[in-house]
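J.: Below is one structure. I have some questions about it.
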Amino acid sequence: MPPRPNPLLRAALMLSAAALLTACAKAPPEKVEPIRPVLTVVAEPGSGGAPLVLPGELRPRVETRYGFRVAGKLAERRVSVGDRVVAGTVLARLDPQDVRPALDAQQAQLEAARTDLRLAQLELGRVRALRERNYVSQAQVDRQQAAVEAAQARADAAQAQLAQARNAAEFQTLKADVAGVVTAVEAEVGQVLAAGQAVIRVAATAEKEVLVNVPERDLERVRTMRAWQVELPGRAERPIQARLRELSPLADPASRTYAMRLTLQGDTAGAELGMSATVRPMPGEGAAQAPVFVLPLSALHARDRQPHVWIVDPTASTVRSVPVRTAGFLDESVRVVEGITRGDRIVTAGANLLTPGQKVRIAEDAR
């Protein structure tokens, strides 16, 4: 006869099974989003931004490449690099052997044309005298009058050709048009030159300017500034005032910089061409611009192909993403000109791990 089960053991097993079923039926606990620590910075206009200082080079406003109007062999060069010239200074001469025969030939043709003209005029006088006595017809007088006019035309043409030959002889002497300094010599004595080929380069000293290559990141700031001050190594204690004359709309294909030219004003004594220069805006220049906030690059994140930043709500300790407009980059920072205001607390670390409305804990302030 099999043993009968213990009633107490049966009850205990039933209670255990019921407890197990109850535990299995309970829903899993809700996952609680942890409060994420973040690094932040308080937005201040211009915080962390360096003053705008750009290198430049002193250049002439006008630099002329002088060349002969006619071809020929260079026989004489009277100036060298560094020489100062005034208007009318002879720079170089061509060998006159090529032009002299042509000039003599044109002179001879003019004399021949004038001789023909005098002969035709004398013949016209005789024909008119015969016409008065009725020895010749009026038609013969008219023909002789036409011969005189043709001879006069040939004489005029010969005179013009002689003037052209004299101009060619005059063009064999190269002269400076304005006062300046010789900056380059591009041909030597004995060299055969084509018409218009550059021989000597002269920089006019009447007006000087500074050439500045503006990086892309500073282009927006530079566009709003007109007054500048220029510091030169030889006269650092006396900055020179300058005005913006030209800002190139196209970047240099090699350096990706924009050429800016500043015209020097006032006393430029000691400012020699080729000097290196340092330019900076005049005090107060560009003060009417919109505030610029300089933030770390890590503060940016992209949404819909637009730059955004996370702003911390100080009351709820949550974050919200706002779009911003940038105005160039520094080495490890970015300039923000729209989208945030002074006093906003911006997340600078962990921006790509946050979600809208997420609670955060400020781990450290970076001002």
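J.: Does ARG118 qualify as being of a type in the set (D, E, K, R), surrounded by fewer than 17 Cβ atoms within 10 Å (Cβ to Cβ) and in a loop (DSSP other than H, G, I, E, B)?
T.: Working: of a type in the set (D, E, K, R): yes; surrounded by fewer than 17 Cβ atoms within 10 Å (Cβ to Cβ): yes; in a loop (DSSP other than H, G, I, E, B): no.
No; evaluated as a whole, the condition is false for this residue.
J.: Quick check on ASP177: is it out of contact with any strand residue (DSSP E or B) (no Cβ under 6 Å at 6 or more places or on another chain) and over 30 Å from GLY270 (Cβ atoms)?
T.: no
J.: Do we find a residue being out of contact with any Cys (no Cβ under 8 Å at 6 or more places or on another chain), outside any loop (DSSP other than H, G, I, E, B) and at pLDDT below 90 anywhere in region 251-263?
T.: Of the residues in region 251-263, the ones out of contact with any Cys (no Cβ under 8 Å at 6 or more places or on another chain) are 251-263.
Okay, now just the ones that are also outside any loop (DSSP other than H, G, I, E, B), so 258-263.
Adding the requirement that they be at pLDDT below 90 leaves none.
Taking every residue of region 251-263 in turn, none turns out to be out of contact with any Cys (no Cβ under 8 Å at 6 or more places or on another chain), outside any loop (DSSP other than H, G, I, E, B) and at pLDDT below 90.
J.: Regarding LEU130, is this residue over 30 Å from GLU76 (Cα atoms), surrounded by 17 or more Cβ atoms within 10 Å (Cβ to Cβ) and out of contact with any strand residue (DSSP E or B) (no Cβ under 9 Å at 6 or more places or on another chain)?
T.: Values: over 30 Å from GLU76 (Cα atoms): yes; surrounded by 17 or more Cβ atoms within 10 Å (Cβ to Cβ): no; out of contact with any strand residue (DSSP E or B) (no Cβ under 9 Å at 6 or more places or on another chain): yes.
In short, no.
J.: Which residues, taken from region 339-367, are under 30 Å from GLU216 (Cβ atoms), in a strand (DSSP E or B) and modelled with pLDDT of 85 or more?
T.: Listed by number, the residues that qualify are ARG345, ILE346, VAL347, THR348.
J.: So, one more: Filter region 205-220 down to residues that are surrounded by 18 or more Cβ atoms within 10 Å (Cβ to Cβ) and among the charged types (D, E, K, R) and give me whichever is farthest from PRO281 (Cα to Cα).
T.: Among them, the one singled out is LYS208.
J.: Is region 244-263 home to any residue that is of a type in the set (Asp, Glu), closer than 24 Å to ALA204 by Cβ and more than 19 Å from the chain's Cα centre (by Cα)?
T.: So far as region 244-263 goes, no, none of its residues is of a type in the set (Asp, Glu), closer than 24 Å to ALA204 by Cβ and more than 19 Å from the chain's Cα centre (by Cα).
J.: A follow-up question, please. Test ALA271 against the stated conditions and say whether it is buried (at least 16 other Cβ atoms within 10 Å of the Cβ) and within 25 Å of ARG217 (Cβ to Cβ). Working first, answer last.
T.: Working: buried (at least 16 other Cβ atoms within 10 Å of the Cβ): yes; within 25 Å of ARG217 (Cβ to Cβ): no.
No, not satisfied.
J.: With out of contact with any strand residue (DSSP E or B) (no Cβ under 6 Å at 6 or more places or on another chain), over 30 Å from VAL292 (Cα atoms) and either modelled with pLDDT under 90 or surrounded by 15 or more Cβ atoms within 10 Å (Cβ to Cβ) (or both) as the only criterion, which of ARG100, ARG61, ARG77 stands out?
T.: After ruling out the rest, the residue left standing is ARG100.
J.: When the residues of region 67-76 are filtered to those that are of a type outside the set (A, V, I, L, M) and out of contact with any Lys or Arg (no Cβ under 7 Å at 6 or more places or on another chain), which remaining residue is nearest to VAL202 (Cα to Cα)?
T.: Taking region 67-76 as the starting set, the residues that turn out to be of a type outside the set (A, V, I, L, M) are 67-69, 72-73, 76.
Remaining after also requiring out of contact with any Lys or Arg (no Cβ under 7 Å at 6 or more places or on another chain): 67-69, 72-73.
Values: GLY67: 11, PHE68: 14, ARG69: 17, GLY72: 21, LYS73: 21 Å.
Across region 67-76, the extreme among qualifying residues is GLY67.
The values are calculated or read from the model by the stated rules, or taken from the named source; none is laboratory data. Worth saying up front: this structure is predicted, and the values here are computed from it rather than measured. Here the Cβ is made from the backbone with ideal geometry for all residues, glycine too, and neighbour counts use every protein chain on show.
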